[in-house]
Amino acid sequence: MSDPMNNNPKIAVIGLGYVGLPLAVGLARHFEVTGFDIDQTRIEQLKGGFDRTSEIEENILKKTSLRFTSSVSDLKGKNVFIVTVPTPVTDDNLPDLTPLEKASTTVAQALSKNCIVVYESTVYPGVTEEFCGPILEKVSGLKVGQDFYLGYSPERINPGDKLHTIDRITKVVAGQTPAVAETLKKIYGAINNGNIFVAKNIKTAEAAKVIENAQRDINIAFINEIATIVGKIGLSVYDVLNAANTKWNFLQFQPGLVGGHCIGVDPYYLAHCARELNHEPEVILAGRRINESMGQFVANAIHEKLEKITGNQSKSKILILGLTFKEDIPDLRNTKVIGVIDHLKNLGHSVDIHDAFADPIDAEFHLNLKLLATLENAENYDCIIGAVAHKPYLGITSDTFKQMLKPKGLVADIKNMWRDIPLPNGIEYWTL
C-alpha cells in the first residue's frame with residue numbers, strides 16, 4: 001500500500017459526537033480534516049461555534065480549520081476515514097451494529113484504492129474485520145487488504161473530563177498490516193506527542209477496549225452489592241469505604257447508578273462474544289445485573305424511609321436533582337436515574353425533576369420527562385433526592401433545604417455530596 005502520510009493524509013471523521021468531535025478538532029491542528037455527521041442541525045450548530053455536548057468551547061470551534069459537512073460527496077478524495085459512531089444495545093441487551101453498518105456504507109461510497117478505514121467504536125473482537133470489512137467491500141467493489149485497509153483505535157473519551165483529554169492520554173492503535181499500524185501511529189501520535197501503544201492486531205485492540213469498561217462495571221457492582229449489604233445492617237457504605245480506602249492497595253470505586261453509553265453497554269458486547277464462543281459469561285453479567293438493579297434498590301430504600309416519616313398516611317411529593325448519566329454534562333443516554341424515577345412513580349409518589357445541564361427538549365423527546373425550568377419556586381417537598389453531583393447542586397445550603405422541604409422532610413443523598421451540610425431540625429438524611 002502507499003502510505004497516506006507520504007501524500008499528506010486527507011482525513012474524514014465520521015460521527016461528530018462526544019468521541020468524534022474532539023478527535024476531529026485535534027487532528028485538524030495537524031492535517032486536512034473533514035468532520036461528517038448525518039445530523040444537519042448538529043452540523044449547523046458546529047459551524048456556528050456551538051457544541052451541545054460541551055466538549056469543545058466556542059472559541060476553539062470558531063478557530064478550527066475542521067470542515068463540517070453532512071454531504072457524502074464531501075468525503076470523496078479522502079484517504080483516511082475514522083468512524084466514531086455509537087454502538088448501542090437492543091431492548092434485549094444484544095449488540096446493535098446498525099450505526100456501524102450505516103457508517104460503513106457511507107464510507108464505502110467514497111472509498112478509493114489505498115485508503116485506510118479506522119474504527120473507534122467499541123465492539124467485540126472480530127467486528128471490524130468480519131462485519132465492517134465485508135460491507136465496505138460489497139458497497140465499494142474494492143478488496144479489503146488489497147485495495148484498501150482496516151485499522152482500529154479504541155476511543156477513550158470520558159465525557160466532561162477536562163483532564164484526560166485526547167491529547168493527554170495513551171492511544172491504542174492497530175492495523176491490518178504493520179504499515180497501516182505505523183501510519184496510524186503517526187497520525188494519532190501527532191495529537192498526543194507520540195503517546196501511542198501499537199496493539200498486536202485489530203482483534204487484540206478490540207478486546208482491550210471492551211474489557212476496559214467491563215472491568216470498571218464489575219468493580220462498581222461489587223461496591224453496589226456491599227452498599228446493599230451494609231445498608232441492611234444500618235451502615236453507610238461511604239463510611240465503610242472511607243475506612244477501607246486507608247489501605248494502600250484497596251481499589252477506590254464508588255457506589256451508584258451505572259449508566260451511560262460505555263460502562264452500561266459494553267459488558268453486553270463482551271457477553272455476546274462469549275456466548276458466540278459457547279462460553280456462558282458469569283461474572284460479567286452478574287455485575288450488570290447488580291448495577292441494573294440499583295435504581296429499584298434506591299427507590300425502595302427511599303420509599304421505606306418516607307413511610308416511616310409520613311406514617312404511611314399519604315404518598316410523597318419528591319424532587320429529583322440530576323437526570324444525566326454523570327455529573328456536569330448534558331448527556332442523557334442510558335441514564336439510570338430513570339430507573340429511580342419509574343420505581344418511585346410505580347410506588348405512588350409524585351416526582352418532579354430538575355437538571356442543571358440536560359436539555360429539556362431532549363429529556364421530553366427521548367425520555368418523555370418534563371424538567372423543571374428553575375428551582376426558584378421549588379418548595380413543599382417531602383423528599384429531595386441528589387441523584388447526580390452536578391456542581392450547582394454541591395452548593396445547596398441548609399437554608400435551601402429548609403425552603404424546599406416540608407418541616408419533616410427527607411434528604412436522600414445518593415452521591416454523598418451533602419453529608420457535611422447541617423440540616424434544619426426535623427429534616428432527616430439518608431445515603432447509600
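The values are calculated or read from the model by the stated rules, or taken from the named source; none is laboratory data. It should be emphasised that the depicted structure is a prediction, and the values quoted were computed from it without experimental measurement. Don't worry about glycine lacking a Cβ; one is built from the backbone with ideal geometry, like all the others, and counts go over all protein chains shown.
Restricting the first member to the range 236-250 and to residues that are surrounded by fewer than 12 Cβ atoms within 10 Å (Cβ to Cβ), and the second to residues that are part of a helix (DSSP H, G or I) and among the hydrophobic types (A, V, I, L, M, F, W, C), the beta-carbon pairs closer than 6 Å and six or more apart or on different chains are F250/A244.
Report the residue count in the range 253-291 for those that are under 26 Å from G160 (Cα atoms) and not in a loop (DSSP other than H, G, I, E, B). The total comes to 9. Per the conditions (1) closer than 28 Å to L321 by Cα; (2) buried (at least 23 other Cβ atoms within 10 Å of the Cβ), the sole criterion not satisfied by A174 is (1). When I220 is tested against (1) of a type in the set (A, V, I, L, M, F, W, C); (2) crowded, with 20+ Cβ neighbours inside 10 Å; (3) in the same structural domain as V123 (by TED's automatic domain parsing); (4) touching a residue at least 60 places away in the same chain (Cβ under 8 Å), exactly one condition is not met: (3). In summary, D362 fulfils each of the numbered conditions (1) modelled with pLDDT under 95; (2) farther than 30 Å from R42 by Cβ; (3) of a type outside the set (K, R); (4) within 22 Å of the chain's Cα centre (by Cα) with the single exception of condition (2). Residues that are within 21 Å of E155 (Cα to Cα), surrounded by fewer than 20 Cβ atoms within 10 Å (Cβ to Cβ) and among the hydrophobic types (A, V, I, L, M, F, W, C) occur in the range 81-90; there is at least one. Scanning the range 406-432 for residues that are surrounded by fewer than 16 Cβ atoms within 10 Å (Cβ to Cβ) and closer than 14 Å to N380 by Cβ turns up P407, K408.
Considering (1) closer than 17 Å to E212 by Cβ; (2) small (G, A, S); (3) modelled with pLDDT of 95 or more, the lone condition that G260 does not fulfil carries the number (3). Here is the figure for the range 355-372: residues that are in contact with a His (Cβ under 8 Å, 6 or more places away or on another chain) and charged (D, E, K, R) total 1.
In a residue-by-residue description of the range 105-112, the property of being touching a Ser or Thr at 6+ places or on another chain (Cβ under 9 Å), assigned to a helix (DSSP H, G or I) and more than 17 Å from I191 (Cβ to Cβ) applies to at least one position. Picking from G295, G322, G339, G311, which residue would you name as being free of Cβ contacts under 8 Å to residues at least 40 places away in the same chain and either within 30 Å of I157 (Cβ to Cβ) or surrounded by fewer than 24 Cβ atoms within 10 Å (Cβ to Cβ) (or both)? After ruling out the rest, the residue left standing is G311. Selection of the range 391-419 for residues being among the small types (G, A, S) and either touching a residue at least 40 places away in the same chain (Cβ under 8 Å) or outside any helix (DSSP H, G or I) (or both) yields G395, G409, A412. Cβ separations smaller than 6 Å between residues 6+ apart or across chains give the following pairs from the range 70-86 residues that are over 9 Å from F36 (Cα atoms) and assigned by TED's automatic domain parsing to the domain that holds T122 to residues that are among the β-branched types (V, I, T) and crowded, with 16+ Cβ neighbours inside 10 Å: V80/I11; V80/I116; F81/V107; F81/V117; I82/V13; I82/V118; V83/I14; T84/V19.
When S54, S65 are checked against the criterion of being in a loop (DSSP other than H, G, I, E, B), modelled with pLDDT under 95 and either over 17 Å from the mean Cα position of the chain (by Cα) or surrounded by fewer than 20 Cβ atoms within 10 Å (Cβ to Cβ) (or both), S54 stands alone in meeting it.
Every condition in (1) farther than 26 Å from T69 by Cα; (2) touching a residue at least 24 places away in the same chain (Cβ under 8 Å) holds for T90 except the one numbered (2).
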